[in-house]
Amino acid sequence: MSSQNLSEKLFKIKFNYPETSTISNPKAKQPSNSPVGAMMDNDNTPGWYRLLRRAQWAWQGIDPIEVEAILAKIAMSKQTRTRDDLLDTVTDYRKGNWTYEWSQPGAVWQHKAKDALANEQFELARHAFYMASQYYAVSGYPHLKGDELALQAHTLANLCYREMGKLLPNPLRIIDVPYKGKTIYCYLHLAQEDQISPVVIVCGAIDTMQIEYYKLFERNLAPAGLAMLTVDMPGLGFASSAKLEQDSTQVLQAVIAHLKKVPWVDYDNIALLGGRLGANLVTRLAYIEPFSIKAAVSVGGAVDKLFIEPERFKLLPQMMLDTIANRMGLTSEDHELLFQRCKVFSLSRQGLLGRSRTKVPLLSIGHAEDLICPEVDIKMIARGSLAGESIIINQPPIFKSYYRALDQAAEWLKQYLLDR
């Protein structure tokens, strides 16, 4: 089916689509004064269900002016909302709905890409397909299972990303990883094609698609001569068949095992990089697969305090609680039950962090006052390795500082993957 026909089939106007904020908990109340926003560029904004990740979207290449224009259209909508106190809860696929408003520029960029391709303007087509993929990705945010509009947005986002990948100097490879009778699709970007490459496996946050990490490759890993293979978090995207649970590292283990069959990467030189709950899996894997990986990086890792301190867990914004529950195949209606179920993600309770050390070098990046990964966790991750290091960020804006730290992370990874 052509991309044009697919676009026409998706997002047909109909009613009774489930509205995103109702999927995990239709009766939820938004916690007030959560400290997350103050630490992550004010992304926890009163009056919005979703965390407004302006800095992250800008890093991905989305125009901040257009972001504000989209948010204004959503905020000013007079359409029916499921929650009158939350602006981004407009029902159905129409003006004011989150998916609708973010998909509009996605469609514009997609048409620009097709026109450029027809005119053999390959650089413009590549850029336009990439931009379309990013707008479509945000249109499905926070990517909850059961969100029909988000699923349609994912289809278009991946379609455009793959079209972009065909136009790269080193074309995108799609890696099919078998996992428990299903297939998990991962994206492989190569820094060079004339020789096999060390590879960094990237497992991102729980509310982010794997296609949203291309800038990490372009700006940080490729210049260091490192390939990047991205994988969705369990319960999300191409890994939606896998539930988020204590042993979710099995997904990454399956990816690592499958890399033996991938001819473009150096199987003996694999590193890991993860953010938030992705960093939890990455850090855990450094303990249970010490002979398979050369190094691992945690960025703001949710590894311990969040899952053993109930008062800290209660401060999470509702969207984050919903997302965690959704990945686990649960609802967020019973807050205490959800916290009890999440205790298994504490790596100290698992007998790892603070109780033993791995030979795998660990780099831990974070902000000292972060709700999700406070300074004690940042340092505990670093101390969990015989060759551990930490980068503690204190200079605002914090989120941008995280990405400046990725330059250091790339150089740190390079010394373990290339300089030996």
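Values as computed for the structure displayed
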quantity: Shape parameters for the stretch 249-341, alpha-carbon atoms, Rg then Dmax in Å; calculated: 16.0, 48
quantity: Computed [θ] at 222 nm, helices only, for the chain once each DSSP H run of length n ≥ 4 contributes -39500 (n - 2.57); calculated: -12000 deg cm²/dmol
quantity: Computed magnitude of the charge dipole of the chain (debye, nearest 20; Cβ of K, R +1, Cβ of D, E -1); calculated: 620
quantity: Separation in nanometres of the label points that stand 7 Å from Cα toward Cβ, at LYS261 and THR183; calculated: 1.1
quantity: For the chain: relative contact order, % (alpha-carbon pairs under 8 angstrom, 6 or more apart); calculated: 14
quantity: Chymotrypsin sites (Phe, Trp or Tyr not before Pro), loop per DSSP, at most 15 other Cβ atoms within 10 Å - longest free stretch of the chain; calculated: 16-290
quantity: Euclidean distance between Cα centres, the stretch 48-104 to the stretch 200-248, Å; calculated: 24
quantity: Estimated distance in nm for a label pair at GLU218 and ALA107, the labels positioned 7 Å out from Cα along Cα-to-Cβ; calculated: 2.5
quantity: Segment GLU311-LYS400, length gained on full extension (0.36 nm per residue, minus Cα span); calculated: 29.3 nm
quantity: Residue (of PRO290, GLN318, LEU51) at the positive-pole extreme of the chain, dipole from beta-carbon charges; calculated: PRO290
quantity: Computed lengthening from ARG357 to ILE288, 0.36 nm per intervening residue step minus Cα-Cα distance; calculated: 23.7 nm
quantity: Among SER332, GLN192, LEU277 - extreme Cα towards positive end, dipole of the chain, charges at beta-carbon; calculated: SER332
quantity: Sparse-neighbour loop sites [GluC sites (Glu not before Pro); the stretch 104-152; at most 12 other C-beta within 10 Å; DSSP]; calculated: GLU120
quantity: Estimated distance in nm for a label pair at ASN119 and GLU411, the labels positioned 7 Å out from Cα along Cα-to-Cβ; calculated: 4.2
quantity: Cα centroid separation - the stretch 294-370 against the stretch 126-153, whole Å; calculated: 26
quantity: Fraction of alpha-carbon pairs over 34 Å apart in the chain - percent; calculated: 26
quantity: Sequence-separation-based contact order of the stretch 168-323, relative, with Cα cut under 8 Å and 6+ spacing, percent; calculated: 22
quantity: Global geometry of the stretch 205-306, whether rounded, prolate or oblate, following the gyration tensor of its Cα atoms and the 1.5 cut on a/c; calculated: rounded
quantity: Over the stretch 275-318, relative contact order from alpha-carbon pairs under 8 Å, at least 6 apart, %; calculated: 42
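All of the numbers you see were taken from the coordinates with simple rules; none came from a lab. Worth saying up front: this structure is predicted, and the values here are computed from it rather than measured. Positions of Cβ are generated from backbone atoms using ideal geometry, with glycine treated the same way; all protein chains shown enter the neighbour counts.
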